[in-house]
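Inspection log for the structure reproduced underneath, given as structure tokens.
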Amino acid sequence: MATEAAIGIDLGGTNVRAAVIDRTLGRPLALASQPTLAQEGPERGVRRIGDLIERVMDEAGCPAVALAGIGIGATGPLDVKRGVFTSPWNMPGWNEVPIVQLLSERFGLLTLLDNDCNAAALGEHWLGAGRGCEDMIYITVSTGIGAGIILGNRLHRGYNAYAGEVGLMTIAPGDALLEDLDGAWEALASGPAIARMGREAEDEGLLAAANDDPAKINAPLIAQMAMEGNPVARRIMDHTAYTLGVGIANLLVILAPQIVVMGGGVMESWDVLQPRLDQVVRARTRLLPGLDEIPIVRAELGDHAGIFGAARLVFLAESAAA
């Protein structure tokens, strides 16, 4: 008999969140978060994650025996098959940490690990903007750009689970400052890329809005200034929308999903980006009848997508084993 709840964990370099997710209701029975404190090292960090799991189990009134397992969505690089953090970019020192083994031993539960973008994609496919679609691309635009790909209602991981690292896709060679990411999508259209363009513009209006501190010129500020009519900010956001549109069109002609779901912090500026982004995608896919009609929508679950998707990992594994 299928167990009706699982633990979902969204583990980032700054915060870790955990929830008990009910399979039938599709909602958290208990949810809590705390600072990751990655700088304190993996031994203490994993112990604190375990304590957080115990906390939400107590709040939900779900002992371990009543749970299907623990799912973890985290930033990579990580080894999904071994359940190991290999060398996560935002958690220095957490190298070769067998988090799946450690949590499984502590709680006696099936424990699964996947990258945070895949987890968010599963969440949106299950309960969010992609529900009811067999084929979906979830794209997150934040510090970097990544994707979770659902094909035939199954998460597509690819060789070594590298599928979805779309931020490394080359869009404009020779147009980026990062040597290893020359022309890469995330070097041109992520949150840091928007901020870089704003600082490089040396615009008086942007500087004034940032209290004359260039370091405070960031993507949200530029988006807000664009909405207020600042011409430099509008050009930056237009360029960002164009670049995002080019990348999305590339993915559409390769994968032809039923829907594209856009998440991540930069999508807080969806209203600014969407008209131009949509225009570019339609223009670049119009030669393939119907492809230019694929909806491109904003994610619905917000910060909960990764938690829901992490629990979904467990439910899918349990169903496959039944």
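The values are calculated or read from the model by the stated rules, or taken from the named source; none is laboratory data. Not measured: the values here are computed from a predicted model. Don't worry about glycine lacking a Cβ; one is built from the backbone with ideal geometry, like all the others, and counts go over all protein chains shown.
Observations on the model:
- Verdict on Met237 being touching a helix residue (DSSP H, G or I) at 6+ places or on another chain (Cβ under 7 Å), surrounded by fewer than 15 Cβ atoms within 10 Å (Cβ to Cβ), touching a residue at least 12 places away in the same chain (Cβ under 8 Å) and not charged (D, E, K, R): no
- Given (1) over 13 Å from Arg312 (Cβ atoms); (2) without any contact (Cβ under 8 Å) to a residue 12 or more places away in the chain; (3) of a type outside the set (Ser, Thr, Tyr), number of the condition Arg154 does not satisfy: (1)
- Number of the exception - Arg82 against (1) touching a Gly at 6+ places or on another chain (Cβ under 9 Å); (2) in a loop (DSSP other than H, G, I, E, B); (3) not polar (S, T, N, Q): (1)
- Restricting the range 89-109 to residues that are part of a loop (DSSP other than H, G, I, E, B) and in contact with a Leu (Cβ under 9 Å, 6 or more places away or on another chain), the residue that is farthest from Val56 (Cα to Cα): Met91
- Scanning the range 1-23 for residues that are out of contact with any strand residue (DSSP E or B) (no Cβ under 7 Å at 6 or more places or on another chain) and either over 24 Å from Gly144 (Cβ atoms) or at pLDDT 95 or above (or both) yields Met1, Ala2, Thr3.
- Listed conditions (1) within 24 Å of Asp22 (Cβ to Cβ); (2) surrounded by fewer than 24 Cβ atoms within 10 Å (Cβ to Cβ) are all met by Met136, apart from (2).
- Selection within the range 5-15 - within 20 Å of Leu112 (Cβ to Cβ) and either part of a strand (DSSP E or B) or not assigned by TED's automatic domain parsing to the domain that holds Leu313 (or both): Ala5, Ala6, Ile7, Gly8, Ile9, Asp10, Leu11
- Search result, residues across the range 53-78 that are under 26 Å from Thr140 (Cα atoms) and either surrounded by fewer than 20 Cβ atoms within 10 Å (Cβ to Cβ) or polar (S, T, N, Q) (or both): Thr75, Pro77
- Verdict on Gly128 being at pLDDT 95 or above, farther than 24 Å from Arg82 by Cβ and surrounded by fewer than 19 Cβ atoms within 10 Å (Cβ to Cβ): no
- Within the range 282-293, not a single residue is part of a helix (DSSP H, G or I), at pLDDT 95 or above and buried (at least 23 other Cβ atoms within 10 Å of the Cβ).
- Selection over the range 252-270 of residues that are buried (at least 19 other Cβ atoms within 10 Å of the Cβ) and assigned to a helix (DSSP H, G or I) gives a count of 4.
- Candidates Leu316, Leu244, Leu273 - the one that is crowded, with 16+ Cβ neighbours inside 10 Å and outside the structural domain of Tyr138 (by TED's automatic domain parsing): Leu316
To keep it simple, each residue is scored yes or no on (1) out of contact with any Ser or Thr (no Cβ under 6 Å at 6 or more places or on another chain); (2) in a helix (DSSP H, G or I); (3) without any contact (Cβ under 8 Å) to a residue 24 or more places away in the chain.
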| residue | (1), (2), (3) |
| --- | --- |
| Arg17 | no, no, no |
| Thr24 | yes, no, yes |
| Pro28 | yes, no, no |
| Gln39 | yes, yes, no |
| Ile49 | yes, yes, no |
| Glu59 | yes, yes, no |
| Val65 | yes, yes, yes |
| Ala68 | no, no, no |
| Gly71 | yes, no, no |
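- Scanning the range 211-245 for residues that are in a helix (DSSP H, G or I) and of a type in the set (S, T, N, Q), we see that the one that is farthest from Gly167 (Cα to Cα) is Gln224.
- Filtering the range 146-171 to residues that are under 17 Å from Ala256 (Cβ atoms) and among the polar types (S, T, N, Q) leaves only Asn153.
- Given (1) modelled with pLDDT of 95 or more; (2) under 23 Å from Met197 (Cβ atoms), number of the condition Gly265 does not satisfy: (1)
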